[in-house]
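Only the coordinates and a few stated rules stand behind these numbers; no lab work does. The shown structure was predicted, so the numbers you read here are calculated from the model rather than taken from an experiment. Positions of Cβ are backbone-derived with ideal geometry, glycine not excepted, and every protein chain shown enters the neighbour counts.
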Amino acid sequence: MKEFAKFSAFLAFLSMAAAAWAQTALAPPQVGFIQDGHGQIHPVNGVAGNFLLGGPAATKVLSAAFSGSFGLLKSSSALLVTDSRGHAIAGVDAPPGLALFAFSADGSPALAYFPQTASFRVWDGHTFQASGDSSALAKQAVLSIAALNSAAATIIVQRPDGLFQLGVQLSTGAVVSQMSLPGVSAPALLVANGALVYRDAQGVVVRRPNGAENHIAAHLPASVAFSQMGQAWLQVTDLGTGRLYAVSIQPGSEHYYTLPEVRQ
């Protein structure tokens, strides 16, 4: 009951904050949402290179990702689904700790993975359902996940000898395939359009589903994290300073931008 009360309060705050933002965002086009270093979610409006950050639409968020059509947010005890404007539309209790998220090709919710419990939740169109035993992943450093379909997932793990892509059967949690990813370095992110994004010495690399690669010049900080902030947009977080950046991975419009500083 206590956990449900926390979840209800989290959902109510997000709905009210998103509604308030929607009333003020009358002109600029929407880019997506970002998560700052204080666990707050901010809408990002404007156009490439000229961004406007809105006030916090949610607080105490541990993990978040946004496809442009939907958002997935994780608090200390709840997993929440939002629509494109940040309004809460579904939610369930969730294990403690951080989460990794995946969207379907159309941007709808697909999959959540909780590293602390090595468990998946699968979206059935209405809510998230628990999958099979995933204990085989308990000792794996999982970096990113993607949903192949409702029965199978692709994940990227980091091992001492490099990064590997694994195929996982969701009903059983069994690893059914694996291949090494030579030349790919962390952080690495699988995004909804099927691309793999990772860093190299020159900046950001976008590997398309057909194997073609686009290189985006960027002076990346020493330690960064990638997350999806909108349709064809990624958030880059400097883990040392908390500064935020944005990367457009839209074919033909690939570029790296500095986001405005978040005002507290």
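The structure-derived value of semi-axes √(5λ) of the Cα gyration tensor in Å appears in the list [x] 26, 22, 20; [y] 26, 24, 16; [z] 32, 20, 17 under the label [y].
Report, in deg cm²/dmol and to the nearest 500, the calculated mean residue ellipticity at 222 nm for the chain, where each DSSP H run with n ≥ 4 adds -39500 (n - 2.57) and the sum is divided by the residue count. Numbers along the way, then the final one.
Details: 1 runs with 23 residues, N = 264.
The per-residue figure over the chain is -3000 deg cm²/dmol.
Per-residue packing, averaged as other Cβ atoms within 10 Å, sorts the ranges 74-83, 149-158 into the order 74-83, 149-158, beginning with the highest.
Magnitude of the Cβ-charge dipole of the chain, K/R +1 and D/E -1, about the Cα centre, nearest 20 debye?
Details: 13 positive and 13 negative charges, 58 e Å.
My answer is approximately 280 debye.
Extension gain, residue 201-residue 135: 0.36 nm per intervening residue step, less the Cα-Cα distance, totals 20.3 nm. Between amide H atoms placed 1.01 Å from N, distances below 5 Å from residue 31 occur with 44, 45, 46, all of them 5 or more places distant or on a separate chain. Summary value for the range 2-258: 12 percent relative contact order, contacts being C-alpha pairs under 8 angstrom separated by 6+ residues.
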